[in-house]
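The values are calculated or read from the model by the stated rules, or taken from the named source; none is laboratory data. Note that this is a predicted model, so its numbers are computed, not measured. Heads up: the accessible areas ignore ligands, DNA and RNA and are worked out on the full protein's heavy atoms, side chains in. Shrake-Rupley method; radii C 1.70, N 1.55, O 1.52, S 1.80 Å.
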Amino acid sequence: MIILWAWLSAASLMCLVWLYYRVTNNPSVVDVAWSLGHWLAGSIFLFASGINQRSLLLWIFLTIWALRLAAYLYWTRIRVGIVDKRYTQLSQQWRMAPSLGFFLNFQMQAVLIILVVCSLYINGQSHDSSIGLLQLFGLLIVGLAIALETIADLQLRRFVQSHKGQVCNVGLWQYCRHPNYYFEWLVWVGFAITALPLSYGFIGMLSPLTLYIIMTQITGPMTEQGSLASKGQAYSDYQASVPMFFPRPWKK
């Protein structure tokens with residue numbers, strides 16, 4: 001039942017976001033809802049059986065991650081009316097009205113949110129509220145990943161502002177082509193690790209697995225197609241020398 005409530009909450013949020021898209025004609029707003037949907041469903045899962053020290057600590061890290069990402073995306077994109085080219089490209093492939101296509105896409109994301117926060121469901125269902133070393137290690141990964149994802153976002157934003165039309169290959173972006181995706185994925189690896197000591201904790205690994213598939217097979221390739229179209233040979237050379245997802249700390 002709690003899974004149903006979490007999904008209904010995420011689906012309802014996506015309905016509201018779809019209405020916002022219909023008014024503004026900017027489907028990129030769903031990226032803000034993506035992080036807020038994780039926070040909403042994750043909060044429901046974590047506190048389903050009451051509040052304890054572990055669920056509260058996990059919720060604090062979840063809140064920091066969600067608010068940081070939502071605020072960044074809203075401030076740098078939605079506030080200034082930037083439409084992510086991925087959604088324009090995606091809608092051109094549909095054999096249906098874009099409004100219906102985006103409604104279905106948003107609702108699919110609500111389902112994916114439930115998969116991603118499954119490690120928080122396992123934590124919330126556990127009667128053991130203690131915090132072990134493995135769980136502290138997982139939270140350490142979450143904290144470091146949030147910090148590094150923030151750095152990657154800021155490095156890209158500063159580079160784009162001063163080097164318009166060029167390929168960002170400085171800072172963390174010289175080690176992999178999508179450090180923001182990688183550290184986002186690492187956040188959920190950390191959350192999955194916190195579930196491992198618990199009953200059926202291995203199921204929490206569905207979370208980073210789901211994100212890995214989405215980032216490397218869907219969003220990553222779509223983003224790179226746009227970069228190749230706009231930057232040409234410079235981005236092709238970047239692809240040839242820098243790995244897509246997992247950072248390589250040495251030069252090729």
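Structure values in brief
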read-out	value
Cα gyration tensor shape for the stretch 84-216, rounded if a/c is under 1.5, else prolate or oblate	oblate
Candidates Arg68, Arg95, Arg22: whichever shows maximal mean-square fluctuation once the chain is modelled as a Gaussian network with Cα springs under 10 Å	Arg95
Helix 29-46 vs. the chain, principal-axis angle (Cα, 0 to 90°, nearest 10)	10 degrees
Segment Leu100-Arg79, length gained on full extension (0.36 nm per residue, minus Cα span)	5.2 nm
Shape metrics for the stretch 45-144, restricted to C-alpha atoms - Rg then Dmax, Å	18.0, 51
Three-way shape call for the stretch 94-148 based on the alpha-carbon gyration tensor, with the a/c threshold at 1.5	oblate
Solvent-accessible heavy-atom area per residue, rounded to whole Å², over the chain at 1.4 Å	50 Å²
Nearest-ten-degree value, helix 98-116 long axis tilted from longest Cα axis of the chain	40 degrees
The chain: C-alpha gyration tensor shape, a/c 1.5 cut-off, then a/b vs b/c	oblate
Apportionment of accessible area to carbon and sulfur, the stretch 64-172, percent (1.4 Å)	66 percent
Tilt relative to the chain, helix 53-73 - C-alpha long axis, 0 to 90 degrees, to 10	20 degrees
